[in-house]
């Protein structure tokens, strides 16, 4: 059954919403260009950190500790004499890993649960709403601090906490979109032609629901990075000596009155990356929802 | 829109402020102020008071308050670099007549506040008797009884000789004395309101979470303190306290060890740095019973693998003396050499001899910057000899439960950790936590030695210095031989203060306000 009824222009991935076309539309605005550039630099620097980093980020060199930026150490060194620039690059890998896995998982789980809630039986919808609202009533950072205090700090735990907190957001949007689509003519037609629920959800609902979720995902990337940074700043995130931007900020904060460079070096990538993903998310929103697009 | 020619215009204000700036900048920022003819000292309080009763206090800040307003028999003095005791201003006579008898005679005329009459020997007896049933009774284990020979005189009788009692108890917080009648009226104990005081200062005001103010006691017959008023201002955080000092809000504050180099090399104007003592002792502990560490060669390898000098340099900015055992510098019996040291080649050799490979350990530590930095150096050092280490930072609750059997089963998983204890001025105080009895309580390393226990018991009653020194040396050797420790450093109790102030701070870090003087 390949010749299914599918109204043109309804799917997020219809002809003018394919990734290449979407990117072209994003790049039409200065905000989009800045966002894409920052995100690209962020991803590439993280991906190629081992090639770019001038030093081993774990190599302790006590005599060189707390150096100011120089040609030898572009962003100076930390309290253990480790090269801050190299640690920033490797910290970016942690951020990418965390953001990719945590946001990806949240999106996938939220999408599935939201679609089932919107298309499935009423009792399941009510159960999901109750679950989503219950989880969302816990502030992420507070929940994270409570759980990490009990279980001990780890990157995996930070990811798990973020996923648990982010799923309701994705789930609610997926549910709302599914509810809006479930009684549309093309879905009803599919249903009357005998298509299974799974097929309808996968082939027709999901492509139409995933667009808004991608916007939310782009917006959530800086959130998860800052949550990790916040937890690491409090000493509840990644374990030493793994470099993360939050732990770099934490270490720098302790010696701020001796040297400001570790805090500057740890804070700047966090700010810039957050800005980049926010710009990208807003640009994507403008593409997927032209009604919200700002007129020049 | 018109501008009034009258009053202060915005431009005029800015110009005035610019002109006033240099003038204000030339004023001293010292806050040892003379207001309405009074000299006022502003000191930083690190933690708010909770219980001021010597029998039930937490310690630290409470002891500083007690020192200002309560009597005691003796206080600590530093004589040519060695800490010893001297009779307090309340005493007409105080002496150790023999190893188990301390006689005292009080001066007359020291009056309790709130109309509770004169400070007498009855108060001394009541104070010491109640310590025997208090939370701090362990400090007075040697006390048998107090015999009174007159209204102002008596004898403290000990069960056995206790040379440590002077510096660990009589001169410390547990040696502060209370008013019998007032304490009984208060129901036998009290918390933040002392029912009667007898010192050069009285507590004029306590605003919880803010400050505590002492003013001179008008009825005090003893030597008058230099300051009319002492404001003990609460600033929890060390960095905030340093900023408060630099802004002139306080005249004296404890500083973090990481800040010491900055203040030593480039002090703010009119500032001196004082190190009161180094009575903290830190070590890397190893659970000798843990299956991963039962092999003594592995533990010895770790003893030789840790580069303590790098830890002191990176985590403590070269401001903490290196430790060679648990007895800190300045305390009788302190060593200048341990039986092991940093020797990575020897460490690798010992690892090879142990036959253990692929060892993975968990290093648990308090989640504090200096400890985390130390842990990372240890991690790198152990990696050099083939031991993979995972650092687990813990909050104080879980950390302090780690090796204690009464707190759960965590002690079974405890492998290695960074620990720091603090002690008093007598070496006996330091060994008490490492006896066989303490296994499962504070002896987290879980080794036992009959010889250690026996020497420790003898040390408590030994009065001959040469023999004591021999015993203290042997006790530290036994600890080395257990291969349960890598000695790290002795963190200093460091303070910055106005150079016009001569502070008196006991080596454990408490202020003795009554002996502060203004230059």
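The values are calculated or read from the model by the stated rules, or taken from the named source; none is laboratory data. Please read all numbers here as calculations on a predicted model, not as lab measurements. Positions of Cβ are generated from backbone atoms using ideal geometry, with glycine treated the same way; all protein chains shown enter the neighbour counts.
What is the one condition in (1) without any contact (Cβ under 8 Å) to a residue 60 or more places away in the chain; (2) part of a helix (DSSP H, G or I) that residue B:392 does not satisfy? The one condition residue B:392 does not meet is (2). Residue selection: residue A:181 satisfies the criterion of being more than 30 Å from residue A:45 (Cα to Cα) and part of a helix (DSSP H, G or I).
Matching residues to (1) outside any strand (DSSP E or B); (2) out of contact with any strand residue (DSSP E or B) (no Cβ under 7 Å at 6 or more places or on another chain); (3) under 28 Å from residue B:40 (Cβ atoms):
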position	(1), (2), (3)
B:95	no, no, no
B:113	yes, no, yes
B:123	yes, yes, no
B:145	no, no, no
B:162	yes, yes, no
B:167	yes, no, no
B:174	yes, yes, no
B:198	yes, no, yes
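Could we say that residue A:281 is within 14 Å of another protein chain (Cβ to nearest Cβ) and under 18 Å from the mean Cα position of the chain (by Cα) here? So residue A:281 fails the test. Looking across the stretch B:216-259 at every residue that is in a strand (DSSP E or B) and under 28 Å from residue A:65 (Cβ atoms), the one that is nearest to the other protein chains (Cβ to nearest Cβ) is identified as B:253. Counting only helices (runs of 4 or more DSSP H) that fall entirely inside the stretch B:260-342 and contain at least 1 residues that are in the same structural domain as residue B:375 (by TED's automatic domain parsing), the qualifying elements are B:296-305, B:308-315.
Considered as a group, the residues in the stretch B:374-389 that are free of Cβ contacts under 8 Å to residues at least 40 places away in the same chain and outside any loop (DSSP other than H, G, I, E, B) include one that is farthest from the other protein chains (Cβ to nearest Cβ), and that residue is B:388.
Does residue A:87 count as closer than 30 Å to residue B:308 by Cα, within 14 Å of chain B (Cβ to nearest Cβ) and within 23 Å of the chain's Cα centre (by Cα)? For residue A:87, the condition - closer than 30 Å to residue B:308 by Cα, within 14 Å of chain B (Cβ to nearest Cβ) and within 23 Å of the chain's Cα centre (by Cα) - is met. Among the residues of the stretch B:495-512, the ones that are surrounded by 21 or more Cβ atoms within 10 Å (Cβ to Cβ) and part of a strand (DSSP E or B) come to 7 in all. Number of residues in the stretch A:246-265 that are more than 26 Å from the chain's Cα centre (by Cα), farther than 21 Å from residue B:267 by Cα and either at the interface with chain B (Cβ under 9 Å from one of its Cβ atoms) or at pLDDT below 85 (or both) equals 0.
Checking residue A:228 against (1) more than 14 Å from chain B (Cβ to nearest Cβ); (2) without any contact (Cβ under 8 Å) to a residue 60 or more places away in the chain: exactly one of these is not met. Which one? Just one mismatch for residue A:228, condition (2).
Counting the residues of the stretch A:146-178 that are surrounded by fewer than 21 Cβ atoms within 10 Å (Cβ to Cβ) and either assigned to a loop (DSSP other than H, G, I, E, B) or within 14 Å of chain B (Cβ to nearest Cβ) (or both) gives 11. Specify which of the listed residues (A:97, A:79) is under 30 Å from residue A:254 (Cβ atoms) and either without any contact (Cβ under 8 Å) to a residue 24 or more places away in the chain or crowded, with 18+ Cβ neighbours inside 10 Å (or both). Going through A:97, A:79 in turn, the sole match is A:79.
Looking at B:54, B:151 in this structure, which one is surrounded by fewer than 17 Cβ atoms within 10 Å (Cβ to Cβ) and touching a helix residue (DSSP H, G or I) at 6+ places or on another chain (Cβ under 7 Å)? Just a single option satisfies the conditions, and that option is B:151.
A residue that is modelled with pLDDT of 95 or more, in contact with a strand residue (DSSP E or B) (Cβ under 6 Å, 6 or more places away or on another chain) and away from chain B (no Cβ under 14 Å) can be found somewhere in the stretch A:49-68. Checking residue B:199 against (1) surrounded by 18 or more Cβ atoms within 10 Å (Cβ to Cβ); (2) over 18 Å from residue B:511 (Cα atoms); (3) touching a helix residue (DSSP H, G or I) at 6+ places or on another chain (Cβ under 6 Å), only one condition comes out false. Which one? That leaves (2) as the condition not met.
Among the residues of the stretch B:431-453, those that are touching a strand residue (DSSP E or B) at 6+ places or on another chain (Cβ under 9 Å) and part of a loop (DSSP other than H, G, I, E, B) comprise B:435, B:442, B:444, B:445, B:446, B:447, B:448. Scanning the stretch B:478-494 for any residue that is part of a strand (DSSP E or B) and farther than 22 Å from residue B:287 by Cα turns up at least one such residue.
Take residue A:239 and tell me if it is surrounded by fewer than 16 Cβ atoms within 10 Å (Cβ to Cβ) and within 14 Å of chain B (Cβ to nearest Cβ).
No: the conditions fail for residue A:239.
The residues listed here are A:222, A:207; of these, the one that is surrounded by 15 or more Cβ atoms within 10 Å (Cβ to Cβ), out of contact with any helix residue (DSSP H, G or I) (no Cβ under 7 Å at 6 or more places or on another chain), assigned to a helix (DSSP H, G or I) and in contact (Cβ under 8 Å) with a residue 12 or more places away in the chain is A:207.
For (1) farther than 18 Å from residue B:371 by Cα; (2) without any contact (Cβ under 8 Å) to a residue 24 or more places away in the chain; (3) crowded, with 21+ Cβ neighbours inside 10 Å, each residue gets a yes or a no:
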{"residue": "B:239", "(1), (2), (3)": "no, yes, no"}
{"residue": "B:271", "(1), (2), (3)": "yes, no, no"}
{"residue": "B:278", "(1), (2), (3)": "no, no, yes"}
{"residue": "B:285", "(1), (2), (3)": "no, no, yes"}
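Report yes if some residue within the stretch B:111-128 is buried (at least 22 other Cβ atoms within 10 Å of the Cβ) and modelled with pLDDT under 95; otherwise report no. Checked the stretch B:111-128: no residue is buried (at least 22 other Cβ atoms within 10 Å of the Cβ) and modelled with pLDDT under 95. Here is the figure for the stretch B:347-373: residues that are under 19 Å from residue A:58 (Cβ atoms), assigned to a helix (DSSP H, G or I), touching a residue at least 24 places away in the same chain (Cβ under 8 Å) and at the interface with chain A (Cβ under 10 Å from one of its Cβ atoms) total 2. For the stretch B:421-430, state whether one or more residues are assigned to a strand (DSSP E or B), touching a residue at least 12 places away in the same chain (Cβ under 8 Å), in contact with a strand residue (DSSP E or B) (Cβ under 7 Å, 6 or more places away or on another chain) and away from chain A (no Cβ under 14 Å). Yes, the stretch B:421-430 has at least one match.
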